[in-house]
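Data first, discussion second: the structure below is written as structure tokens.
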Amino acid sequence: MTRTKKLIFISILLAQALVLQYIEGFIPIPIPAPGVKLGLANIVIMITIVIFGLKVATTLVVLRSFMGAMFVGTISSFFFSLGGGLLSLIAMYILFRYYKDYFSFMGISIVGAIFHNIGQLFVASLVISNFGIFTYLPILMLSGILTGYFVGLATKYILDILSINLKILNKTNKI
């Protein structure tokens, strides 16, 4: 893949992550708990980990957090998103890089969702100067298991389709 094609592909991934993050705000969550979200943008982050690795995925997490806060959030939402996103990214990358024989995409995504919640709670505990907020973790872990499974499943199917299409594109020298 040429440098230009790679940059375009990464830009498209960033745009997709931002759109998913934006759309997610309109989806009602039946759990009456603040902060519970589907984490749809993590589909794109997991795909980026698989295709490009940690460096590009880190760049996407930072840019998504910053641009998402600029478009639809606040400065505090930037820090919550960044804290959760980076911790989640590290956990998912380690599992994918070193333990992918033991964890499916669903398992990796579930761990990523849980670590995202831990990262956000850590940022919240720093903001309010009280680590008692971690009592909220069991509720967030349950939601992380449910949403993480869905995100991992979606990632698996998208990567299956991409691998077929990228092989076809590689044979025709289009990528």
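Taken together, the values in this text are just the output of simple stated rules run on the coordinates, not laboratory data. Everything quoted here is computed from the prediction, not taken from an experiment. Don't worry about glycine lacking a Cβ; one is built from the backbone with ideal geometry, like all the others, and counts go over all protein chains shown.
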For segment 35-175, give the magnitude of the charge dipole about the Cα centre (Cβ charges: +1 Lys/Arg, -1 Asp/Glu; no others), in debye to the nearest 20.
440
Counting only other residues whose beta carbon sits under 13 Å from that of Leu40, what net charge do I get with K and R as +1, D and E as -1?
+1
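Jot down the per residue volume, in cubic angstrom and as a whole number, of the convex hull over the alpha-carbon atoms of segment 75-175.
About 114 Å³ per residue, rounded to a whole number.
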By its C-alpha gyration tensor, with a ≥ b ≥ c as the square roots of the eigenvalues, how is segment 28-101 shaped: rounded for a/c under 1.5, else prolate for a/b larger than b/c, else oblate?
oblate
Any chance you could count the Lys pairs in the chain whose alpha carbons are under 23 Å apart, treating pairs 8 or more apart or on different chains as valid?
16
Under 10 Å, Cα contacts only: if you run a Gaussian network model on the chain, which one of Gly68, Gly53, Gly132 comes out with the highest mean-square fluctuation?
Gly132
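Taking 8 Å as the Cα distance limit and 6 or more residues as the minimum spacing, I'd like the relative contact order of the chain as a percentage.
23
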So if R0 is 30 Å, what FRET efficiency would Lys6 and Leu137 give, r being the distance between their Cβ atoms, rounded to the nearest 0.05?
0.20
